[in-house]
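The values are calculated or read from the model by the stated rules, or taken from the named source; none is laboratory data. Bear in mind that the values here come from a model prediction, so they are computed numbers and not experimental data. Heads up, the Cβs are rebuilt from the backbone with ideal geometry, glycines too, and the neighbour counts pull from every protein chain shown. These accessible areas exclude ligands, DNA and RNA; they are computed on the full protein's heavy atoms, side chains included. Shrake-Rupley method; radii C 1.70, N 1.55, O 1.52, S 1.80 Å.
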Amino acid sequence: MEVKHTDMQSHSSALDRPAHPGIFPTREAGKSDHQLAERSVDFLVSVVLPAGGTGERTGLQTPKQFFPCLGRPLLSYTIQAFERVSWIQSIVVTVAKENMDLMTDIIQRFQHRKVRAVPGGSTRHRSICNGVLALGEGGAEERPADRPKVVIIHDAVRPFVEEDFLYKIAMAAKEQGCSESDFEFGTDCLHLALQYCGTNAKLIQGPPMLWKVTYKPDLAAAESIIKETLSQSACVITGGSAQAVTLADALQKSLNMELDVVPDLMGENARYLLKEWNFIQVSVNRSCLSEVEAILTDLEATNRALLHPLVVIWVHLSSSDELSIRGGMVEPAAIVDLASAAKHRNILLYGIQLHQSKDAERWERSVLNVAEIMSALIQERSPALVGQLLQA
């Protein structure tokens, strides 16, 4: 078994960390499906995530790997980064014995696949050893061919790791020997790999984003990066209304994010329900929330764990005529009740009331105002504004 370690000596301050680490998508920008297929591996790869630390340097009672970022433990983001790599066979997380129940709950609550938890040891190295040994405990039915050829050892509190880097690590572990320079300047795990595993090793320089959450300010920086990543895309549902499409087109020019516009979430468009996207429902001249209720029902029907608070924004687009004839105002209690129920499913529902003006200049200002409100809601994901109907 060949062991490769990704704990690179690549540290940077919170201020110079990348704004878009790409921790959720595994597809690189500009990569085609054909190019990604060429990058697949033809050998078994597994991962060991040592997560038994106490987090003393953060000054918090909760170990940093279990500290919540947007309501989800930091460790869960790291696991997801590896789960999304199709060619990774299995993931073992080593935790302190007293945290085994907590780790089991995290695996179940966030529906992690490929993952199992095993007790760690008295030191980090013993924990890693326990994790590697657990990979060979498949039982009597396990064949040697089922065992991983490469094991990646990765810190549980380094959540921002991309598939391309993991691919380089896996290929280097399989194909290349060790060098004197690596063992002279590499990490202590390289020495352990040579001394006790009889394996070859190769030191690969990690990217700047591969930083480790070590101190308390790092947790805030990690949450900020996660928020930024989650704010890069949204799906606008127009209901087929020409007025809603006009608004969506205007928002595409004003919002600094990827914005897809669809009439509904049926058929081919249902794929958006499985993406890590935000949703914007535009209702024209209708003050009821039935369209938003439909989105929430569809999301629930997908039966997937929402790994972070998902944002749904309901925009009630009303004309001046509707406002004067029917009042046009939404009953605040209705959206509050709906938002309260959605919040239990990790969905943050916000509302925006927008009056469509016939004056072009005034309408343009309104659209810009709506875009600013949407950006803030999606970026900050504030629980305090859930259920609020904001006026644009």
With Cβ to Cβ distances under 13 Å as the rule, what net charge do the other residues near Ile313 carry (K, R +1; D, E -1)?
-2
Accessible-area order (highest first, 1.4 angstrom probe) of the listed residues Ser318, Ser40, Ser122, Ser382:
Ser122, Ser40, Ser382, Ser318
Cα centroid of the range 96-120 to Cα centroid of the range 360-392, whole Å
39 Å
Rank these by accessible area, largest first, 1.4 Å probe: His154, His125.
His125, His154
Any chance you could look up the accessible area of Ser340 with a 1.4 Å probe, heavy atoms only, rounded to 10 Å²?
60 Å²
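Which sequence of Lys174, Lys253 reflects their accessible areas, 1.4 Å probe, from the largest down?
Values: Lys174 80, Lys253 180 Å².
Listed by decreasing accessible area, they come as Lys253, Lys174.
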At a probe radius of 1.4 Å, what is the per-residue accessible area of Asp101, in Å² to the nearest 10?
130 Å²
